[in-house]
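Chemist: There's a structure below that I have some questions on.
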Protein chains: 2
Amino acid sequence: MLETRSEHACFGGRMGYYSHASTQTGTKMNFAVYAPPQAQHAAVPALYFLAGLTCNDETFMTKAGAQRVAAELGLMLVACDTSPRGLNDPGDSESWDFGVGASFYVDATQQPWSRHYRMASYVNTELPALIEQHFPAQPGRRGIFGHSMGGHGALVTALRNPERWHSVSAFAPLCNPVNAPWGQKAFATYLGADAQAWQAWDASLLMSVRAYPRTILVDQGEGDKFLARELQPDALEAAARTSGQPLKLRRHAGYDHSYYFVQTFIADHLAHHAAQLSARQ
Amino acid sequence: MLETRSEHACFGGRMGYYSHASTQTGTKMNFAVYAPPQAQHAAVPALYFLAGLTCNDETFMTKAGAQRVAAELGLMLVACDTSPRGLNDPGDSESWDFGVGASFYVDATQQPWSRHYRMASYVNTELPALIEQHFPAQPGRRGIFGHSMGGHGALVTALRNPERWHSVSAFAPLCNPVNAPWGQKAFATYLGADAQAWQAWDASLLMSVRAYPRTILVDQGEGDKFLARELQPDALEAAARTSGQPLKLRRHAGYDHSYYFVQTFIADHLAHHAAQLSARQ
């Protein structure tokens, strides 16, 4: 069951905002789909975007300037919300870096979060199944990317499920959350005090033991105030060296953590995904 | 005195949000400037955008995807707020189509609005003087455009002051506000009950008696829910025929009133302005 919230013509395609009742989260979840003009005639590759802390399903579609490029390349864009909403679990709205707007895209194991905070499974299986049922998206050509907390989510989703995700990239991702304050706070609460359990959700730890089979693109601004403390791209580079992961990590002087940074390099990311997705049979 | 609220690297240039104490409005006014990379070396033409009802100085810069094109063409972008704020005049915040966020870019003549609602003079003289003092903008190459209420503001500003504005375009403008509910409500309150006084602020009436000396570009979505009642592009076309105004008015099937429409055609508008501004000596 799909509820259409709004639809708008955009670059010859259709920008739509929808909601559905999610099995994984047990809540109504909002999501957004940009269907490029090519999707009027045939199914197209779909590229999923995961947003960062405090964002929602509209942030990327409003601020990243991606539709123009997606229309040129024939890519569908899908953006989901950053957490379940409306639950009023104790503590879910007390801070901007935990709970509502801050799922970290894991499957929580600790009460009360384990009931609804199942965003990893939502992103990995439920949402793509929904998209491929209701929109002209090719199941065999599925890319994922994201920003900040969502960059972490994209890297982890692809590294844990490389058979399901055929391309991956990230803007300013949390590369090593087990060693960073945001990640430690969230993982301790969603996954429990035993840091052993956190390792399965850390991009650098995952990458160090198994390389993703294609090149990963990561852009990072050097003027990003979260760089040293929260993002730690050095850890991702070290992991890539350990496992032999092909990693194209670009550092950009002067750029900060905002969507002004994201929009500057969005065309490069869509081209990266389009090339890898079109190389598939 | 300029206060910098934030600055961000963007497409090799600088996206900045600022504020200053305005003489015209008697309030602190926010505005935004995108300085393209070319402005690091020499003054560039500046293109002013006026936003629509309920918007502010951030709307266009966040949603229109214009910075990419401005960086390519070497255009500075300037966006101001849609009204003075923080006055708490009686009735200034009771409706979304009057008062705060809804100045209609006129110089009000009626109490209490005449004291602060002087957005026409603010846009026409005070803001350009401020920009040309503090940013590398060429005084002789100044364009103006806008959306909806701001499209009306851009057309009226250029038609009233063609010597100051060297190019003009609009997205879904209010073309004939003296004959439309939004315009009648605002003009009656800002300008008084005598509709004679409204004529100097109506794009179609102005255009019908004196053509602007260069081609004006207007884009209008045919799926725009405000089209027939508020926007009335037919009146602008009739006025252009009367005065011989070169008018390129394009109607786009399926497009609505949103920034998804604006972003789809933003590159055409910036190219229109760049061509007219670069043709000047």
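The values are calculated or read from the model by the stated rules, or taken from the named source; none is laboratory data. Quick caveat: nothing in here was measured; it's all calculated off a predicted structure. Every residue, glycine among them, receives a Cβ derived from its backbone with ideal geometry; neighbour counts consider all protein chains shown. To get the accessible areas, we keep the full protein, side chains included, count just its heavy atoms, and leave off ligands, DNA and RNA. Shrake-Rupley method; radii C 1.70, N 1.55, O 1.52, S 1.80 Å.
Results for (1) charged (D, E, K, R); (2) open to solvent by less than 10 Å² (accessible area, probe 1.4 Å); (3) modelled with pLDDT of 95 or more; (4) assigned to a strand (DSSP E or B), shown as yes or no for each residue.
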| residue | (1), (2), (3), (4) |
| --- | --- |
| B:128 | no, yes, yes, no |
| B:131 | no, yes, yes, no |
| B:139 | no, no, no, yes |
| B:142 | yes, no, yes, yes |
| B:146 | no, yes, yes, yes |
| B:165 | no, yes, yes, no |
| B:169 | no, yes, yes, yes |
| B:184 | no, no, yes, no |
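Chemist: Counting just the residues of segment B:36-46 that are open to solvent by 10 Å² or more (accessible area, probe 1.4 Å) and within 14 Å of chain A (Cβ to nearest Cβ), which one comes out farthest from residue B:79 (Cα to Cα)?
Modeler: B:40
Chemist: When segment B:1-19 is examined, which residues are found to be open to solvent by 10 Å² or more (accessible area, probe 1.4 Å) and either among the polar types (S, T, N, Q) or closer than 24 Å to residue B:190 by Cβ (or both)?
Modeler: Answer for segment B:1-19, where residues must be open to solvent by 10 Å² or more (accessible area, probe 1.4 Å) and either among the polar types (S, T, N, Q) or closer than 24 Å to residue B:190 by Cβ (or both): B:4, B:6.
Chemist: A further question on this structure: Between residues in segment A:6-19 that are within 8 Å of chain B (Cβ to nearest Cβ) and more than 16 Å from residue A:136 (Cα to Cα) and residues that are among the basic types (Lys, Arg) and open to solvent by 10 Å² or more (accessible area, probe 1.4 Å), which pairs lie under 7 Å by C-beta distance while being six or more apart or on different chains?
Modeler: Partner pairs satisfying both residue conditions: A:11/A:68.
Chemist: Moving on. Quick one: residue A:97 ticks every box in (1) over 22 Å from residue A:155 (Cα atoms); (2) at pLDDT below 95; (3) not β-branched (Val, Ile, Thr) bar one, so which box is it?
Modeler: Against the list (1) over 22 Å from residue A:155 (Cα atoms); (2) at pLDDT below 95; (3) not β-branched (Val, Ile, Thr), residue A:97 comes up short only on (1).
Chemist: Are any residues in segment A:192-223 acidic (Asp, Glu), within 14 Å of chain B (Cβ to nearest Cβ) and open to solvent by 10 Å² or more (accessible area, probe 1.4 Å), and if so, which ones?
Modeler: Residues of segment A:192-223 that are acidic (Asp, Glu), as a first pass: A:194, A:202, A:219, A:222.
Applying the additional criterion that residues be within 14 Å of chain B (Cβ to nearest Cβ) yields A:219, A:222.
Once the filter is applied, which keeps residues that are acidic (Asp, Glu), within 14 Å of chain B (Cβ to nearest Cβ) and open to solvent by 10 Å² or more (accessible area, probe 1.4 Å), segment A:192-223 yields only A:222.
Chemist: Still on this structure, please answer the following. Kindly indicate whether residue B:25 is among the hydroxyl-bearing types (Ser, Thr, Tyr), away from chain A (no Cβ under 14 Å) and within 20 Å of the chain's Cα centre (by Cα). So that I can check it myself, show each step before the final result.
Modeler: Working: among the hydroxyl-bearing types (Ser, Thr, Tyr): yes; away from chain A (no Cβ under 14 Å): yes; within 20 Å of the chain's Cα centre (by Cα): yes.
So residue B:25 passes the test.
Chemist: Let me ask something else. Can you find a residue that is without any contact (Cβ under 8 Å) to a residue 60 or more places away in the chain, of a type outside the set (Phe, Trp, Tyr), within 29 Å of residue B:269 (Cα to Cα) and within 12 Å of chain A (Cβ to nearest Cβ) anywhere in segment B:89-107?
Modeler: Checked against the condition, which is being without any contact (Cβ under 8 Å) to a residue 60 or more places away in the chain, of a type outside the set (Phe, Trp, Tyr), within 29 Å of residue B:269 (Cα to Cα) and within 12 Å of chain A (Cβ to nearest Cβ), segment B:89-107 yields no hits at all.
Chemist: Which ones in segment A:239-255 are in contact with a helix residue (DSSP H, G or I) (Cβ under 7 Å, 6 or more places away or on another chain) and more than 9 Å from chain B (Cβ to nearest Cβ)? Before you say what the answer is, go through the steps one by one.
Modeler: Pass one, segment A:239-255, residues in contact with a helix residue (DSSP H, G or I) (Cβ under 7 Å, 6 or more places away or on another chain): A:239-240, A:242-243, A:245, A:247, A:249, A:255.
Within segment A:239-255, A:239, A:240, A:242, A:243, A:245, A:247, A:249 qualify.
Chemist: Which residues, counting only those in segment A:89-120, are small (Gly, Ala, Ser) and open to solvent by 20 Å² or more (accessible area, probe 1.4 Å)?
Modeler: To start, the set of residues in segment A:89-120 that are small (Gly, Ala, Ser) comprises A:91, A:93, A:95, A:99, A:101-103, A:108, A:114, A:120.
Answer for segment A:89-120, where residues must be small (Gly, Ala, Ser) and open to solvent by 20 Å² or more (accessible area, probe 1.4 Å): A:91, A:93, A:95, A:114.
Chemist: Given the conditions (1) under 24 Å from residue B:185 (Cα atoms); (2) within 14 Å of another protein chain (Cβ to nearest Cβ); (3) crowded, with 21+ Cβ neighbours inside 10 Å, report the number of the one that residue B:258 does not fulfil.
Modeler: Unmet for residue B:258, out of (1) under 24 Å from residue B:185 (Cα atoms); (2) within 14 Å of another protein chain (Cβ to nearest Cβ); (3) crowded, with 21+ Cβ neighbours inside 10 Å: (3).
Chemist: Also: Against the definition (touching a His at 6+ places or on another chain (Cβ under 7 Å), touching a residue at least 40 places away in the same chain (Cβ under 8 Å) and open to solvent by less than 20 Å² (accessible area, probe 1.4 Å)), how does residue A:51 come out, yes or no?
Modeler: Values: touching a His at 6+ places or on another chain (Cβ under 7 Å): yes; touching a residue at least 40 places away in the same chain (Cβ under 8 Å): yes; open to solvent by less than 20 Å² (accessible area, probe 1.4 Å): yes.
For residue A:51, the condition - touching a His at 6+ places or on another chain (Cβ under 7 Å), touching a residue at least 40 places away in the same chain (Cβ under 8 Å) and open to solvent by less than 20 Å² (accessible area, probe 1.4 Å) - is met.
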